[in-house]
Amino acid sequence: MTLRLEGKRALVTGGGRGIGRAIALAYAREGARCVVTSRRLEDLEETAAEAPNGLVSAIRCDVSDSSSVRDMSDFVNNLFGGVDIVVNNAGIHAAGRFLDIEPETYSELYEVNVVGVVRVSQAFLPGMLERGRGSIVNIASTAGLFESPGQAPYNASKHGVVGLTRCMALELAAAGVTCNAICPGFVDTPMLDGFADLVGAESEELRSRLAQRTPMGRILDPSEIANLAVYLGSDESSGMTGQTMAISNGMRMS
Ligand code: NDP
């Protein structure tokens with residue numbers, strides 16, 4: 001049986017838990033060698049330990065820090081001789097009424113959710129351009145496609161990721177590098193626990209409230225996002241670029 005990512009080398013930011021962990025494990029199951037990064041090495045090592053055949057390696061990196069990204073990309077390029085797939089998944093959230101959120105929160109989210117994508121992509125693109133192929137997969141959000149109540153800084157940052165995806169796709173297309181965005185709805189990850197804390201709700205109560213807002217009446221499993229990330233990292237999607245694909249239990253229909 002041919003694996004869908006056999007021979008590919010991938011980098012997944014924010015791969016220590018949640019969606020990033022699910023993507024890294026799915027990539028490894030499909031035969032890719034993968035590096036996961038985030039700020040907490042313990043989480044990354046747990047992801048690596050769950051992966052088949054030692055295919056996932058863990059390296060600490062803060063995507064909001066240019067020198068940290070440079071050190072990480074030097075290490076990964078030496079380890080693998082370049083990467084074929086970059087998954088820009090690391091992200092942070094904030095919630096609250098527009099009038100109550102300080103402008104500094106917008107800068108903090110922008111640094112991680114948008115400029116983090118820029119830093120990591122720029123670090124790996126020269127190699128991709130040289131080889132004339134590569135896939136960049138940005139994890140945006142349905143919050144990057146339409147309004148979401150009480151999440152202005154997060155919503156603004158994810159609209160930024162969607163815009164960035166389209167501009168990168170346009171500039172990279174002729175060089176054989178694709179860039180697409182996945183826009184998940186509500187996914188069952190530790191981010192929802194942080195969301196619950198921010199709005200003063202119990203985690204399970206928040207999950208049930210969010211589920212009720214979707215036509216399917218449930219929240220997503222991280223593996224459902226990983227399935228699309230496998231497709232976008234594989235040669236099966238070689239003709240697709242600049243797309244923003246919602247997996248949202250029907251919240252976004254187009
Ligand atoms: P989690 O909070 O569960 O995981 C986020 C990951 O990002 C962690 O590994 C975290 O590790 C890492 N991270 C955060 N800040 C940084 C940083 N500065 N540098 C490097 N890594 C960082 O979130 P999810 O798995 O839910 O989210 C993953 C992505 O999916 C995010 O971009 C999120 O916005 C998006 N998304 C999530 C949805 C959901 O409902 N869960 C819905 C739509 C989109 P550490 O803190 O150790 O650095």
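Just to be sure I understand: if I project the alpha-carbon convex hull of the chain onto a plane and average over all orientations, what area do I get in nm²? Mind showing how you got there, number by number?
Working: hull surface 53.2 nm².
With every direction weighted equally, the projected area is 13.3 nm².
What are the ³J(HN,Hα) couplings of the stretch 60-73, residue after residue, when phi is run through the Karplus curve with 6.51, -1.76, 1.60 and θ = phi - 60°? Round to Hz, x for glycine and proline.
6, 7, 9, 6, 8, 10, 4, 6, 5, 5, 4, 4, 5, 5
With Cβ to Cβ distances under 9 Å as the rule, what net charge do the other residues near Gly176 carry (K, R +1; D, E -1)?
Working: positive: Arg131, Arg133; negative: none.
Every neighbour counted, the sum reads +2.
Determine the distance separating the Cα centre of the stretch 201-254 from the Cα centre of the stretch 41-66; give it in Å without decimals.
23 Å
Among Leu164, Gly91, Ala152, whose Cα lies farthest out toward the positive end of the dipole of the stretch 83-212, if unit charges sit on the beta carbon of Lys, Arg (+1) and Asp, Glu (-1)?
The Cα lying farthest towards the positive end belongs to Leu164.
Apply the a/c threshold of 1.5 to the C-alpha gyration tensor of the stretch 5-87 and tell me whether it is rounded, prolate or oblate. Write down the numbers at each step before the final one.
Numbers: a/c = 1.86, a/b = 1.21, b/c = 1.54.
Taking the square roots of the gyration eigenvalues as a ≥ b ≥ c, the stretch 5-87 is oblate.
Test of understanding: ordering Val117, Val187 by Cβ neighbours within 10 Å, fewest first, what list do you get? Let's see the in-between values first.
Working: Val117 29, Val187 23.
By the 10 Å Cβ count, ascending: Val187, Val117.
In what sequence, highest mean first, do 167-175, 119-127 appear when ranked by Cβ atoms within 10 angstrom?
Numbers: 167-175: 14.9, 119-127: 19.6.
Result, highest mean Cβ count within 10 Å first: 119-127, 167-175.
So how far apart, in nm, are the two label points at Glu236 and Arg218 if each is 7 Å from Cα heading toward Cβ?
It works out to 2.1 nm between the two label points.
Per the helix-only calculation at 222 nm, which mean residue ellipticity applies to the chain, given -39500 (n - 2.57) for every DSSP H run of n ≥ 4 and division by its residues, nearest 500 deg cm²/dmol?
Working: 9 runs with 114 residues, N = 254.
Computed mean residue ellipticity for the chain: -14000 deg cm²/dmol.
For Ala229, what charge total do you get from the other residues with a beta carbon under 13 Å from its beta carbon, if Lys and Arg give +1 and Asp and Glu give -1? If you can, show how the numbers build up before the last one.
Numbers: positive: Arg4, Lys8, Arg21, Arg29; negative: Glu30, Glu224, Glu236.
Every neighbour counted, the sum reads +1.
Would you mind ranking Arg21, Arg133 so that the residue whose beta carbon has the fewest other beta carbons within 10 Å leads the list?
Details: Arg21 27, Arg133 14.
Placing the least packed residue first, the sequence is Arg133, Arg21.
Of Leu55, Leu3, how do they rank once you tally other Cβ atoms within 10 Å and put the fewest first? Intermediate values should be presented prior to the final figure.
On the way: Leu55 19, Leu3 13.
By the 10 Å Cβ count, ascending: Leu3, Leu55.
Between Asp100 and Asp74, what length in nm is gained on full extension when 0.36 nm per residue of separation is reduced by their alpha carbon distance? Don't skip to the end; give the middle numbers.
Values: separation 26, 0.36 × 26 = 9.36 nm, distance 4.07 nm.
Taking 0.36 nm per residue and subtracting the Cα distance, the gain is 5.3 nm.
FYI, it's all coordinate maths here, none of it is from the lab. Worth saying up front: this structure is predicted, and the values here are computed from it rather than measured. When we count neighbours, we look across all protein chains shown, and the Cβ atoms used for this are built from the backbone with ideal geometry, even at glycine.
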